Amino acid sequence: MQKILLVEDEPNIARFVELELSHEGYEVVKSADGRAGLELAEKGGFDLVLLDIMLPGISGLEVLRRLRRQSEVPVIMLTARDAVTDKVTGLDMGADDYITKPFRKERILHVVEKAITWQRLQKENVYLREKLAGKPQFSTLLGTSAAMTHLHHQIERVADTSATVLITGESGTGKELVARAIHSHSRRRSAPFIPIDCSTIPETIIESELFGHVKGSFTGAIRDKKGLVEEADTGTLFLDEIGDLSSAMQVKLLRVLQEGQFKPVGSNAIRRVDIRFLTATNRNLVELIKQGRFREDLFYRLNVINIHLPPLRDRTEDIPPVSYTHLTLPTIYSV
């Protein structure tokens, strides 16, 4: 079932569109506010966005502008005026089509079906080109079980969004492989992928490792050093074992997530970054929250989308059969 986001502040119009599309088998999620609609769209998972131009919060054109920075989901603009300027502006900013109010049922269904069909054909074209080139979708994530198939679908759905992803599972289940697959299939694929294992960096230096420092900020700081957060600018920062991060570092990380800015150790200068955050843990963060060892507000920032990796023992069909035909037996010498 195709999923459509409808961002429309007029209740009667929103209800009419929802009924018509639902009757045709589409799943419709509604929002009456520009900013709230943008947040839903950024989380991904939609096959189409129907976006009114005049909205409270922020305008539909501003929503479109921000959405086009990070997603290729089809967007159809809704306008109450048959104004050429609005239509040209929307199309120039990346809208796929427009519908003028008052809506006609036939027009809505035609435009929606055309946009979704085009998007599906585009995805099929990319898939076939990769297949012909001998490039597997996720060459490092092997397995044909239902769990692995579901995992591949999850990666496909979240890769091209900007949403933060929390990857959970036992040690050895391949959490970093999933993070790399998300990055390599995202719009940030040409930018850096910076992995950090929070459990292996000593507490005394982790702030400097993440945020860098300026010369003279502490003993041994003989020169300015760029931190890994800044190294990941425009790319993806993968924080493995996020549950091991100290309370003080959790506060500093939350600021980067909320505001996209940080200060190097020993500096008062604010630096800004544009980063996609992926995190992973083998621990139960909900239990850590109850124990006061993990911030609840940070958890909700990180857990926008959760991908859980089952252990191999729960998907035994992915265990390859053992072959003895290629084993080399040791040579036995007689003396």
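When every residue of the stretch 12-35 is checked against the conditions, none turns out to be on the phi > 0 side of the Ramachandran plot, under 26 Å from the mean Cα position of the chain (by Cα) and assigned by TED's automatic domain parsing to the domain that holds residue 111. Does residue 302 qualify as being in contact with a Cys (Cβ under 8 Å, 6 or more places away or on another chain), at pLDDT 85 or above and either exposed (fewer than 11 other Cβ atoms within 10 Å of the Cβ) or not aromatic (Phe, Trp, Tyr) (or both)? No: the conditions fail for residue 302. If you check 223, 157, 187 for being in contact (Cβ under 8 Å) with a residue 60 or more places away in the chain, basic (Lys, Arg) and assigned to a loop (DSSP other than H, G, I, E, B), only one passes: 187.
Determine whether residue 186 is polar (S, T, N, Q) and either crowded, with 16+ Cβ neighbours inside 10 Å or at pLDDT 90 or above (or both). Yes, satisfied.
Restricting attention to the stretch 18-72, the residues that are surrounded by 17 or more Cβ atoms within 10 Å (Cβ to Cβ), among the aliphatic types (A, V, I, L, M) and part of a loop (DSSP other than H, G, I, E, B) add up to 3. When 251, 229, 286 are checked against the criterion of being within 22 Å of residue 173 (Cα to Cα) and part of a helix (DSSP H, G or I), a single residue qualifies: 286. Between a residue in the stretch 248-264 that is touching a residue at least 60 places away in the same chain (Cβ under 8 Å) and any residue that is in a helix (DSSP H, G or I), which pairs come within a Cβ distance under 6 Å, given they are 6 or more apart or on different chains? Note: pairs meeting the criteria are 257/301. State the number of residues belonging to the stretch 200-234 that are β-branched (Val, Ile, Thr) and buried (at least 18 other Cβ atoms within 10 Å of the Cβ). Residues in the stretch 200-234 being β-branched (Val, Ile, Thr) and buried (at least 18 other Cβ atoms within 10 Å of the Cβ): 3 in total.
The values are calculated or read from the model by the stated rules, or taken from the named source; none is laboratory data. Quick caveat, the model's predicted, so the values are computed rather than measured. Note that each Cβ is placed from the backbone with ideal geometry, even for glycine, and that neighbours are counted across all protein chains shown.
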